[in-house]
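Notes for the one structure printed next.
The values are calculated or read from the model by the stated rules, or taken from the named source; none is laboratory data. Given the structure is predicted, the values throughout are model-derived calculations rather than measurements. A quick note on method: Cβ atoms are made from the backbone with ideal geometry, for glycine too, and the neighbour counts reach across all protein chains shown.
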Amino acid sequence: MLIDAHCHLDRYEESLGHALKQIKQHQIFSISNSMDLPSYKQNVKIAATSDLVSPVFGIHPWNASEYVGCLEDLDWAISESPMIGEIGLDYYFVNETSRYADQRKVFEYFLRAASRQKKIVIVHTKGAESETFQLLKKYNTERVIIHWYSGPWHVLKAMVEHGFYFTIGVEVLFSQHIQEIAGYLPVELILTETDNPGGNESLTGNVGTPLLIKDVIKKLAEIRGTSDQIMIAAVHNNLIRLGGDDPWLTMVRASGG
Ligand SMILES: [Zn+2]
């Protein structure tokens, strides 16, 4: 089974039908992350049509200021969500430093809840890697997926020592830095993602499709000197190990590989 541990199915809009067809045809288990409350509600609707889709709730750091004043209103969505994402800090794409306090407040609120509810968190960190790591440690967040890591080596190494998992995505096809990271990570901490449909679009101008996950696998296998099949099995096993006894994993566990 292929694993897309970070995508945004709600954003496919009119090409959603096509995306879901690919997901089914190629058996791509897809963790559909949310940016805010409307996108979560949309992801829940989509997931009701496919047992290969897991809808997860989070407030993206870009949207933190909009929600910082009403965090308790989100508790129901946090509680029902099988994992938490996309959450984190972004001091790179967000230039207004006045918004950073809001980002931290929202991120910490979600980390506190995730820690209490023992949920996996899917974390965005851009230009704020050290601080993101400090906060994850502060809340004893044990199960962490770092999405699309592109930051400094020393923080990456510390996160690896901490046993965090990492999604490798479409940028591995283009960027030497990401290729080096993909070669460095211990195989047991590697997951794959597309961040579609926007991930590929931001790099190539073309809207991504779920099938891009195969290109990511192919490149990862090439970098690590192994076969696509071995890489697919490794990523599949990694998600099962990380998921532990979580009920959402039933579908992933049921698939042989
Ligand atoms: Zn994302």
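Among the residues examined, S15 qualifies as among the hydroxyl-bearing types (S, T, Y), surrounded by fewer than 23 Cβ atoms within 10 Å (Cβ to Cβ), at negative phi and assigned to a helix (DSSP H, G or I). The residues of region 44-59 include none that are buried (at least 24 other Cβ atoms within 10 Å of the Cβ) and farther than 12 Å from N33 by Cβ.
Residues that are assigned to a helix (DSSP H, G or I) and polar (S, T, N, Q) within region 219-256 comprise Q229, N237, N238, T250, listed in sequence order. Condition (residue is surrounded by fewer than 16 Cβ atoms within 10 Å (Cβ to Cβ) and on the phi > 0 side of the Ramachandran plot) applied to region 80-88: is it met by at least one residue? Checking region 80-88: not a single residue is surrounded by fewer than 16 Cβ atoms within 10 Å (Cβ to Cβ) and on the phi > 0 side of the Ramachandran plot. The residue of region 89-105 that is surrounded by the most Cβ atoms within 10 Å (Cβ to Cβ), among those that are farther than 14 Å from T125 by Cα and touching a residue at least 12 places away in the same chain (Cβ under 8 Å), is D102. So, in region 172-213, how many residues would count as being over 17 Å from L16 (Cα atoms) and of a type in the set (V, I, T)? Here the count works out to 7. Once region 188-211 is narrowed to residues that are within 12 Å of the ligand (Cβ to nearest atom) and assigned to a loop (DSSP other than H, G, I, E, B), the residue that is farthest from the chain's Cα centre (by Cα) is G208. Each residue in region 1-33 was checked for being within 12 Å of the ligand (Cβ to nearest atom) and either among the hydroxyl-bearing types (S, T, Y) or in contact with a strand residue (DSSP E or B) (Cβ under 6 Å, 6 or more places away or on another chain) (or both), and 8 pass. Any residue that is under 22 Å from K137 (Cβ atoms) and among the charged types (D, E, K, R) - is there at least one of those in region 65-87? Scanning region 65-87 turns up at least one residue that is under 22 Å from K137 (Cβ atoms) and among the charged types (D, E, K, R).
In the set (1) in a helix (DSSP H, G or I); (2) more than 17 Å from I23 (Cα to Cα); (3) modelled with pLDDT of 95 or more, V216 fails one condition alone, (2).
Does L173 satisfy the condition of being out of contact with any Cys (no Cβ under 9 Å at 6 or more places or on another chain) and over 17 Å from E193 (Cα atoms)? No, not satisfied.
Identify, please: which residue in region 148-170 is in a helix (DSSP H, G or I) and in contact with a Ser or Thr (Cβ under 7 Å, 6 or more places away or on another chain) and is, among those, modelled with the lowest pLDDT?
Filtering first and then ranking leaves V170.
Screening region 212-240 for residues that are of a type in the set (D, E, K, R) and closer than 14 Å to M1 by Cβ and picking the one that is nearest to the chain's Cα centre (by Cα) gives K214.
The number of residues in region 34-50 that are of a type in the set (D, E, K, R) and either in contact with a Phe, Trp or Tyr (Cβ under 8 Å, 6 or more places away or on another chain) or within 16 Å of the ligand (Cβ to nearest atom) (or both) comes to 1.
Would you check if there is a residue in region 201-211 being at pLDDT below 95 and among the acidic types (D, E)? Taking every residue of region 201-211 in turn, at least one turns out to be at pLDDT below 95 and among the acidic types (D, E).
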